[in-house]
1. Where the Cα atoms of the protein assembly as shown are projected onto their three principal axes, how long is each span, largest first, in whole Å?
2. Can you give the net charge of the other residues whose Cβ lies under 15 Å from the Cβ of B:ARG77, counting K and R as +1 and D and E as -1?
3. How many percent of Cα pairs in segment B:1-63 exceed 15 Å?
4. Give the calculated FRET efficiency between B:ILE110 and B:ARG86 to the nearest 0.05, with a Förster radius of 30 Å applied to their Cβ-Cβ distance.
5. List the lysines whose alpha-carbon lies under 20 Å from that of B:LYS227, not counting same-chain residues fewer than 8 positions away?
6. Excluding residues on the same chain fewer than 8 positions from B:LYS75, give the aspartates and glutamates whose Cα lies under 20 Å from its Cα.
7. Given R₀ = 30 Å, what would the calculated FRET efficiency be for A:VAL319 paired with A:MET236, taking r from the Cβ atoms and rounding to 0.05?
8. Please work out the Kirkwood hydrodynamic radius for segment B:116-256, using every pair of different C-alpha atoms, and report it in angstroms with one decimal place.
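What follows is calculated from the coordinates using simple rules that are stated; it is not laboratory data. Because the structure is a prediction, the values reported are computed rather than measured. Here the Cβ positions follow ideal geometry from the backbone for every residue, glycine too, while neighbour counts run over all protein chains shown.
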Amino acid sequence: MRTLRFLLQKEFRQILRSKSLLFSIILGPIIQLTLLPLAANFEVKKIAVAVVDHDHSTYSRKLIDKIYASKYFSNGRYRESYKEGAKLVEQNNADIVLEIPHNFEVNMVRDGHEELFIAVNAINGTKAGVGSGYLGAIIADFNQNIRLQWDQPGHFAEAASIDLVNENWYNPFMNYFLYMVPGLMVSLLTGIGAFSASLNIVKEKEIGTIEQINVTPVKKYDFILAKLIPYWVLSMFVFTIGMIISRVAYNIVPVGNISLLYGFLSVYLLTLLGAGLLISTYSDTQQQAVSLAFFFVLVFNMISGVFTPIDSMPGWGQVLSYISPMSHFAAVMRMVVLKGSTFHDILPHFVAIIILAVIFNTWAILNYRKTT
Amino acid sequence: MSAITLDNITKTYNKGTVLAVDKATFEVAEGETFGLIGPDGAGKTSIFRVLTTLLLAESGNATVAGFDVVKEYAKIRDCIGYMPGRFSLYQDLTVEENLNFFATIFNTSIKENYDLIKDIYVQIEPFKDRRAGKLSGGMKQKLALCCALIHKPRVLFLDEPTTGVDAVSRVEFWDMLKRLKHQGISILVSTPYMDEAALCDKIALIEGGKILSIASPADTVKKYPGKLFAVKSANMHKLLQDLRSYEGTYSCFTFGDAMHLSFKQDADADVSKLTAYLTAKGQTNLEIAEITAGIEDYFIRITEKLNG
């Protein structure tokens, strides 16, 4: 215990003395958490529509007004031909080209049906998908209105329409921050934990101080514990700051029990620091460790479910997601913050994370023994 | 009891393809300063790492302070001080914090063993609040020595302590070692500098992982076979070629500002005959004098034999 105390004293001294380290593990996350949610927004706005109106009729005019009245579409430009419209897309000045054919109104009234043409710039898949969806909805709505106008009172509509009323559970107003901020916090904590833990032992290896330590009576478990505890404490601290920011800046109050979050986090950090340590034991230089940690953190993030739903991943992706510690923390975080899940609800994740913690740490300690 | 014993220690790297230490056997008596002399890559550091329990040897036995390096490694770690060739203290901690840290992990304090490091520490004490990484090379060596000594080790391992240190600091450093010897600490020191070898009680010459000679510095140079001459002339470059092509020459090397020349047989060591030969070759301002061989001369002589 006495040795551990001195080792910890030394570690904290080194951490507090390194300005870049303090910045990246404390100030960095604060800045990221205040800025990133504003930037990492899935809502698609300001879709630029170029209109090629060959008809110039009342109907075409009405349709165009309806589109531009929507907050999702920014005022586009009118072009005389499809070719010119397509040119705007090429120059990246338009996302969608809408072509209204000649005699749009005439055909509509006479035949009761007409076709429109939409060309979408699909370089940004999300924007293209969402944009054409919005546009389709607006056109369908326009269509519906015209039909209603034509229908005589007392006359049943030819196609009965079904209206859907939906309610968003756990996030009734579809508040984007409520969904994204907890997810980003998971992502940030994972980054900090994995990078700092993977760097710290390899740093002693690279500078050569580990040689000096190895010839002293310092026990290995003391040495490893002294390496892990400071980052565990710091991560807890960063999490607390994150909770305060999400309360103050985004007005997010967890529905569930906060102590449940801390309880889960404390085990999650053990897993993460164990994984970092494992990387550390396999690397000889800090550069190697950073490259490895970067690879894993990126994969963890992609399959975590923070940014894309796990259910829509292929089978192997879901398996990967299950053995990646980050997805469990992301799930628990959202369950507790949004839904108010209890210990019983998150028990499967708890069991999984404990198993992962044991695996990573045992592996790391065994491998550390082998290399020295 | 001996401070260190090595019995047929062999160490290979890369699955046995690189032989680093080849059946090394030697003994360091209690209180002795023992020098391991050899060029880079001779196997000095491997021997240090085996003795400091950082590396397992393939075969052979070794003891430090009476403890076996494999079975009783924990006991060895309590009673040795190790200063690796590369500066390996915490660069982001200050001089005092480094010293304090190494004292505390050995369950002691600076105060307790201050006597031992006093002579060295007073020189770096004015900089005790400076980060170790910001010290000059000589200062770093002194701090590293302090840290290796702070727990009053019985055996001190110094792996090339003066490599990369200026000439004045080197002399100072060896003065410090001399004082430590009076405290009864056994020292194993390695160096590629032959002039430092003369300052040890006993030296082992090592090359290609093999120990070639073990004796006191004085006895080592006495082992030099035959006579040795120093030759100078106005045209030193041509002199080397001329001497090497002389029929009686065994070997000839540039050595400082002179050529060190040895003969195949003592009968060949005829100065007047050599002078006549060199004058015929057009050499002027000739100076030929018999000298006593140094450790380096002997080292070159025996490694030459080794390499055929």
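1. That gives 138, 66, 47 Å along the principal axes, largest extent first.
2. Local charge sum for B:ARG77: +2.
3. The answer is 50 percent, as a whole percent.
4. 0.80
5. Partners within reach: B:LYS264, B:LYS273, B:LYS305.
6. Candidates past the 8-residue exclusion: A:GLU211, A:ASP222, B:ASP7, B:GLU27, B:GLU30.
7. Once rounded, the FRET efficiency stands at 0.50.
8. 18.3 Å
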